[in-house]
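Reading through the structure tokens given below for one structure.
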Amino acid sequence: MNRLCPRCGEKFQDHVVKCEQCSTKLVAISTQEDRLIGQSIDGRFTITDLIARGGMGAVYRAYQSSLDRHIAVKVLHPSISESEDFIKRFFREATAVSRLDHHHITQVHDFRPTEDGLLYLLMESLEGPLLYALIALGPMPPARPVHILGQVCDALPAPHDTGAV
């Protein structure tokens, strides 16, 4: 399964270009097997699948059995976390972000290194399409981006109020 429908979440083979359920244009997803999928981190949660990759790391969906819930786990690339200055900055910024409490900002529950040195953040798991997947669909009705940007603007004061910015 190498393609994903950003609207309904169904996965399809590479040769399929439109969702068979809702006719939405599919987005390519990584086919590379990830060594963290299926692994338990710190004995606290199990990585179930990859949500997205970025320049600094990857975000995974995980199951936290002690609280019977799904969470998101952002794991930073090991090469990024080799610098002592970066590690200090990571902990400083993670502390600041974890203090934010706003309904349009993803809640950070915890952050720490694993026993083998991977830095990670535990965050609330959100459902719905990824913004880049929505953008990949092409032009939207004007009300949609206005609504999304309205939520971003609504959240902007929260980091300022806590002194994070």
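Projecting the Cα atoms of SER81, THR106, CYS153 onto the charge dipole of the chain (Cβ charges, centred on the Cα centre) puts CYS153 farthest toward the positive pole.
Surface composition of the chain: carbon plus sulfur atoms hold 54% of the accessible area, using a 1.4 angstrom probe and ignoring ligands, DNA and RNA. When a/c is below 1.5 the answer is rounded, else prolate if a/b is larger than b/c, else oblate, so apply that to segment 77-165 with a ≥ b ≥ c taken from the square roots of the Cα gyration tensor eigenvalues. Here segment 77-165 falls in the prolate category.
The Cβ shell under 9 Å around ALA72 holds other residues with a net charge of +1, Lys and Arg each +1, Asp and Glu each -1. Maximal additional length on extending the SER83-THR162 stretch stands at 25.7 nm, based on 0.36 nm per residue less the C-alpha distance. Length available on full extension from ARG35 to HIS104: 0.36 nm per residue minus the Cα-Cα distance, which gives 21.7 nm. Shape of segment 54-120 from its Cα gyration tensor (a ≥ b ≥ c, root eigenvalues): rounded if a/c is under 1.5, otherwise prolate when a/b > b/c, or oblate? Oblate is the answer for segment 54-120, as a/c is 1.5 or above yet b/c matches or exceeds a/b. For the chain, the calculated P(r) over all alpha carbon pairs, in 10 Å bins from 0 to the bin holding the longest distance, is 9, 30, 35, 22, 4 percent.
Accessible area per residue for the chain is 64 Å², calculated with a 1.4 Å probe on protein heavy atoms, without ligands, DNA or RNA. Taking TYR60, TYR120, TYR132 as the candidate residues, the one with maximal mean-square fluctuation in a Gaussian network model of the chain, Cα springs under 10 Å, is TYR132. FRET efficiency for the ARG112 to GLN151 pair, using the beta carbon distance and R₀ = 22 Å, is estimated at 0.15. Between ALA62, ALA94, ALA133, the residue with the greatest mean-square fluctuation in the GNM of the chain (Cα pairs under 10 Å linked by springs) is ALA133.
Give the calculated FRET efficiency between GLU20 and THR48 to the nearest 0.05, with a Förster radius of 22 Å applied to their Cβ-Cβ distance. With a Förster radius of 22 Å, E is 0.35. Note: relative contact order over the chain, using C-alpha pairs below 8 Å and six or more positions apart, is 17 percent. In terms of its C-alpha gyration tensor, segment 119-159 comes out oblate, because a/c is 1.5 or above while a/b does not outweigh b/c. When the chain is treated as a Gaussian network with alpha carbon springs shorter than 10 Å, the biggest mean-square fluctuation among VAL17, VAL146, VAL73 belongs to VAL146.
The values are calculated or read from the model by the stated rules, or taken from the named source; none is laboratory data. Being a predicted model, the structure only gives us computed values, none of them experimental. Every residue, glycine as well, gets a Cβ built from its backbone with ideal geometry; the counts of neighbours run over all protein chains shown. To get the accessible areas, we keep the full protein, side chains included, count just its heavy atoms, and leave off ligands, DNA and RNA. Shrake-Rupley method; radii C 1.70, N 1.55, O 1.52, S 1.80 Å.
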